[in-house]
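Before any comments, here is the structure.
The values are calculated or read from the model by the stated rules, or taken from the named source; none is laboratory data. Predicted, not measured: the structure shown is a model, and the values here were computed from it. FYI the Cβ positions are ideal-geometry reconstructions off the backbone, even for glycines, and counts take in every protein chain you see. Note: areas computed on protein heavy atoms with side chains; ligands, DNA, RNA excluded. Shrake-Rupley method; radii C 1.70, N 1.55, O 1.52, S 1.80 Å.
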Amino acid sequence: MPVVELSYSRLQKLIGKVSKKQISDSLPFLGLDIESEDKDLVRVEYSPNRPDYSTDLGITLGLQGLLGIKTGIFKLNIKKSNNYVIHVDPSVSKIRPFVTGVIAKNGNVDDNLIKQLMAMQEDLHFGIGRKRKKSSIGIHDLDKIIFPLTYTSTNRDHRFIPLNSKSELTITEILSSTDVGKEYGAILGNSIKIPLILDSKKQTMSFPPIINAAVTTVTPKTKNLFVEVTGINKEDAEDMLSVVATILQIAGFTLYSTKILGAKNTSPKLEPRKILINSNLINQTLGLDLSNSQIISSLKKSRLDATLKGKNIICSVPAYRFDIFGPMDLVEEVSLGYGIQNLIPILSPSQTLGQPNSISVKLKSLSLIMVGLGYTEALNSSLTSKRVLYEMTNREPRNMISVLDSKSQEHTILRDSILPGLLENLSRNIHTAYPQKLFETGTVFSYGKPINETTNLAGISAHQDATFTEIKSILQSALKTGFNLEIETKTSSNPIFEEGRTASISINGKTIGMIGEINSKTIENYKIRVPIVGFEISLSGLIFE
Amino acid sequence: MSQVLHEIEKKIITSLKNNEKQTPENLEKSTNLSPDQIRRGIEWLKLKGLAVVTESQAISLSLGKNGLESFHKGLPERRLLDLLKHESKTLQDLQKELGNVFGPAMGLARKNNWVDASEEKIFLKTFPSELPGEKALKQIGENKISKNEIDADDLSFILKRPDFIIENVIKTKEISLTDTAKSIEITTGLSGEINVESKVPDVFVARTHPLKDTIDEIREIFVTLGFTEIIGSMTQPSFWNFDALFTPQDHPARELQDTFYLDGISTKKIGTSEQIKKISESHKKGWRYNWDINEAQKMVLRTHTTCVTIKHLAENKSDEARVFSLGRVFRNEKVSYKHLVEFNQIEGIVIGKNATLRDLMGIQREFYRRIGITKIKFWPTFFPYTEPSLQTMVYNDRLEKWVELFGMGIFRPEVTKPLGITKPVLAWGGGIERIAMLKYGLDDVREFYNNNLSWLRSTTKCQ
């Protein structure tokens, strides 16, 4: 989950009459987890579905509501204007069809705001933007642009000076030599046409979704901003724009509309939606008996608006709250406004009889039998490595089931056997007192339709006098005591065991596993100095299906 | 302190009280015990701090072949002097008389200026009454004599001569009583008493794995709260792991860096055509993208056990049920003290007409109470497939802070509706290792899978 750094003193200034303690007590009840605190600074984790919480301005709105300082919806006030027109050229329809935007004037652009806007942009690009694929934002210095603008397309030879560069580069150069170009270039695929925003002087402003032009860079000297969002979906683009617009309005900017024309694009409205909700749903879900007025005041504390209409409540949801899908999301908003700490847990009597799964019961009793026979239980990962599974034990790698792109070299292949892991355990314990006797029950994997999962039992005994007879007695006793099963052993060969000292195990003619003295080469590979004997059997199809 | 003594120990102590320092051989005689009994008895007494064993080395001397010959016939140089005592003799005569000892005898006599030679004869100059080494030779004779008893200077003359003296090193032990032992009153009576207070060797108990113990305990609690256990596969189609839980196909959590996809493995059979149709519609409507069945068919290692419960719900559509599932889940993360790629999760659901968020909180509180955690609180949080969603924070006394434990919530209508589930479903779950770490006081989650025998052998079974 993303993290944002806040300053208590700044929050106090933004929120109004409130103590530091009130803030720190309330943050978790907005769904913000306090990661760490250091004097005035506090770092909180926020949910990716709430990009408005990526800035202290957005968090201010939430805290004001929860603390009852300012409640109800924070309305976007976008002044109508005909001065800011964007023409959309149909040539973008097949690459990145939608553009939307807003103008923000007379705000206080300082280092802090720039920092916050950049963090928010990053977050929006990652979450709702799906790494800029669905939608991406550009924020520009309005005074460096002359409207009307054109959202159009160009070819890869087009040149301009991109952000953080001093010289002109072609689109091809940007994609191959800049960090953002390399990271996001793939979004454009092999398209010959490249999206571009130009101003009325044909000056390149932005190459979405990759990079802005250097000329419109926002600095602390900037007074007025132009925010554009491009994307493959109108709704997502406008959702993204609504978050930025809301944050800029909280920051003190005056907003003006843009007029977007052409190729199925329209001017953004960013107006609240109305959702109907029934108080029964709220009370039944939360286990409360709230009156309509309590519900309405709770919703207002969550910075929404609500009015009563007959038996239903009509709720107004601002555009930036696109995490709200329907009535159930409003139930959560009521619970937050009401206060989670005010919900008293109740323990309703169970209507059902519980029981463990029969496989769990059998596995537990098998564990206790193995312990009774002097074996200690080990636990290993089922995702392990080629080294442990095959190289150390001289087994032929066959039909390995691998995972893609594991971050850990030790966890790349699903195990097809438990014994190699137990041998690895012994090798880590060579300085501990012998005898060492271990067992493990667990899942092993093989190709099937599409994957077979089988539960196996393996046991291993390592000490100076370990013999085949010893381990066969153990397995024989375990199965006889636990499940009244009689085993037979037949001469066999298996690379993990010593030739002439290994057998296959069968019950009523059906082979269920293998047993023997571990191959001396394997013992040597693991630098173990005592003989080892072991077995592995499949329990699936034997003691359970 | 009263001492419990074995019969053997009693006999040895009694004997040593009479005769303060004795060798083991002496003790054998004085106590009538066998050499082995004496040896054991002395060891026991030593361990109890009742006896002191002082070891010493003694060297005894006896005569070798040449020594014995000299003892009987006189030293070669004595025999030479005797021959010359009365008359001078020629070299040849002397050689004849003395044979092979002539050379050494003549050499010594010359060196000591006892003889001289004129043209043809050897004649005596002085006749010493006693020669160096002669006294020692006589003292030893045919016996074994302690080296201490012999004049070291005199001995040195013959010690190095070949085959004269044989040195035997004898180690001797002398046993004596400590002051404590001396004060012990030896009582006759009970025999077969043992020292019940002494230390004994450790035996390593075979045991079930501590993490398994916690898993079993949690299973037991769920069963007693009326829940039935279901189990499912660790490998799952993305459909049940993600799509059925309203996680969009382009969601970051579904990417390779978070989820283990099985290399090149998909499955055609993911669900009924009805399920596939309704779930894809819910995605298209809610998330506005083109749902792709190929993506849903990709096999993954399950990232949570919720896929098992949701499939169970879809197949059974019960109106009233409590079920849980626990087992291994997988996340493609870097392994660290707090992250494993594979860990255990518990996940439970309650479905019921009147199931409420407060019930969910109540069950949580009861669960924690039963594992011994009483200080808890609930905070709001976000999960893609529940609404409302909460998390539990529990207070850890050892770390002196609140730690996050289970996540919980009510399944979203977007999850339940397409599967034909009409009643509210309360769901919660979390990592079992987290609880086990609290129980065993561990700070590194990897400890559970290291299978370090000294840890497994020493960890207390119940805490």
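Filtered by the rule that a residue be open to solvent by 80 Å² or more (accessible area, probe 1.4 Å), touching a residue at least 40 places away in the same chain (Cβ under 8 Å) and in a loop (DSSP other than H, G, I, E, B), the range B:103-150 gives B:Glu142, B:Asn143, B:Lys144. Name every residue in the range B:50-69 that is under 39 Å from the mean Cα position of the chain (by Cα) and assigned to a loop (DSSP other than H, G, I, E, B), in order of residue number. If the condition is that a residue be under 39 Å from the mean Cα position of the chain (by Cα) and assigned to a loop (DSSP other than H, G, I, E, B), then B:Leu50 is the only one that fits.
Please determine whether any residue of the range B:12-19 is in contact (Cβ under 8 Å) with a residue 60 or more places away in the chain, closer than 30 Å to B:Asn148 by Cβ and not charged (D, E, K, R).
yes
Condition check for B:Met361 on (1) assigned to a helix (DSSP H, G or I); (2) surrounded by fewer than 22 Cβ atoms within 10 Å (Cβ to Cβ); (3) not polar (S, T, N, Q): one failure, at (2). In the set (1) over 18 Å from A:Gly252 (Cα atoms); (2) modelled with pLDDT of 90 or more; (3) in contact with a Ser or Thr (Cβ under 8 Å, 6 or more places away or on another chain); (4) within 14 Å of chain B (Cβ to nearest Cβ), the condition left unmet by A:Thr71 is number (4). Checked against (1) within 8 Å of chain A (Cβ to nearest Cβ); (2) in contact (Cβ under 8 Å) with a residue 12 or more places away in the chain; (3) not charged (D, E, K, R), B:Gly431 meets all criteria but (1). Scanning the range A:126-145 for residues that are of a type outside the set (A, V, I, L, M), within 14 Å of chain B (Cβ to nearest Cβ) and touching a residue at least 24 places away in the same chain (Cβ under 8 Å) yields A:Phe126, A:Gly127, A:Gly129, A:Lys131, A:Arg132, A:Lys133, A:Lys134, A:Ser135. Considering only the range A:433-458, state which residues are touching a residue at least 60 places away in the same chain (Cβ under 8 Å), among the small types (Gly, Ala, Ser) and within 11 Å of chain B (Cβ to nearest Cβ). Result: A:Gly442, single match. Taking the criterion of being more than 7 Å from chain B (Cβ to nearest Cβ), open to solvent by less than 20 Å² (accessible area, probe 1.4 Å) and assigned to a loop (DSSP other than H, G, I, E, B), the only residue of the range A:335-352 that qualifies is A:Gly339.
Out of contact with any strand residue (DSSP E or B) (no Cβ under 9 Å at 6 or more places or on another chain) and either open to solvent by 10 Å² or more (accessible area, probe 1.4 Å) or at the interface with chain A (Cβ under 8 Å from one of its Cβ atoms) (or both): is that true of B:Glu447 in this structure? Against the criterion (out of contact with any strand residue (DSSP E or B) (no Cβ under 9 Å at 6 or more places or on another chain) and either open to solvent by 10 Å² or more (accessible area, probe 1.4 Å) or at the interface with chain A (Cβ under 8 Å from one of its Cβ atoms) (or both)), B:Glu447 qualifies.
Here B:Ile221 fulfils each of the conditions (1) under 30 Å from A:Phe439 (Cα atoms); (2) open to solvent by less than 60 Å² (accessible area, probe 1.4 Å); (3) outside any helix (DSSP H, G or I); (4) touching a residue at least 60 places away in the same chain (Cβ under 8 Å) apart from (3).
Looking across the range B:410-428 at every residue that is outside any loop (DSSP other than H, G, I, E, B) and away from every other protein chain (no Cβ under 11 Å), the one that is farthest from A:Leu422 (Cα to Cα) is identified as B:Pro418. Scanning the range A:94-113 for residues that are in a loop (DSSP other than H, G, I, E, B) and either open to solvent by less than 30 Å² (accessible area, probe 1.4 Å) or at pLDDT below 85 (or both) gives A:Arg96, A:Pro97, A:Gly107, A:Asn108, A:Val109, A:Asp110.
Take the conditions (1) within 13 Å of another protein chain (Cβ to nearest Cβ); (2) closer than 22 Å to A:His125 by Cα; A:Arg43 misses just one of them, which is (1). In the range B:337-349, the residue that is nearest to the other protein chains (Cβ to nearest Cβ) out of those that are open to solvent by 30 Å² or more (accessible area, probe 1.4 Å) and assigned to a loop (DSSP other than H, G, I, E, B) is B:His339. Assess whether A:Ser365 counts as being within 11 Å of chain B (Cβ to nearest Cβ), over 19 Å from A:Gly421 (Cβ atoms) and surrounded by fewer than 18 Cβ atoms within 10 Å (Cβ to Cβ). So A:Ser365 does not fit the description; no.
Given the condition among the acidic types (Asp, Glu), more than 18 Å from B:Glu167 (Cβ to Cβ), at pLDDT 85 or above and open to solvent by less than 80 Å² (accessible area, probe 1.4 Å), answer yes or no: does some residue in the range B:67-80 qualify? Break it down into steps so the answer makes sense when it comes.
Step one: of the range B:67-80, the residues among the acidic types (Asp, Glu) are B:69, B:77.
Next, from what is left, pick out any that are more than 18 Å from B:Glu167 (Cβ to Cβ): B:69, B:77.
If we keep only those that are at pLDDT 85 or above too, we end up with B:69, B:77.
From what is left, the residues that are open to solvent by less than 80 Å² (accessible area, probe 1.4 Å) are B:69, B:77.
The answer is yes, given that some residue of the range B:67-80 is among the acidic types (Asp, Glu), more than 18 Å from B:Glu167 (Cβ to Cβ), at pLDDT 85 or above and open to solvent by less than 80 Å² (accessible area, probe 1.4 Å).
Looking at the structure I just gave you, is A:Val227 in contact (Cβ under 8 Å) with a residue 40 or more places away in the chain, farther than 16 Å from A:Pro272 by Cα and open to solvent by 30 Å² or more (accessible area, probe 1.4 Å)? Criteria not met by A:Val227. Number of residues in the range B:361-388 that are in contact (Cβ under 8 Å) with a residue 60 or more places away in the chain, more than 24 Å from A:Pro349 (Cβ to Cβ) and more than 10 Å from chain A (Cβ to nearest Cβ) equals 1. Restricting the search to helices (runs of 4 or more DSSP H) fully inside the range A:1-89 and requiring at least 3 residues that are farther than 30 Å from A:Lys274 by Cβ gives A:8-15, A:20-26.
Per-residue answers, yes or no, for (1) in a loop (DSSP other than H, G, I, E, B); (2) touching a helix residue (DSSP H, G or I) at 6+ places or on another chain (Cβ under 7 Å); (3) surrounded by fewer than 17 Cβ atoms within 10 Å (Cβ to Cβ); (4) not small (Gly, Ala, Ser):
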site: A:His125; (1), (2), (3), (4): no, no, no, yes
site: A:Gly138; (1), (2), (3), (4): no, no, no, no
site: A:Ser153; (1), (2), (3), (4): no, yes, no, no
site: A:Ser191; (1), (2), (3), (4): yes, no, yes, no
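With respect to (1) more than 34 Å from the chain's Cα centre (by Cα); (2) at negative phi; (3) at pLDDT below 95, the lone exception for A:Val388 is condition (1).
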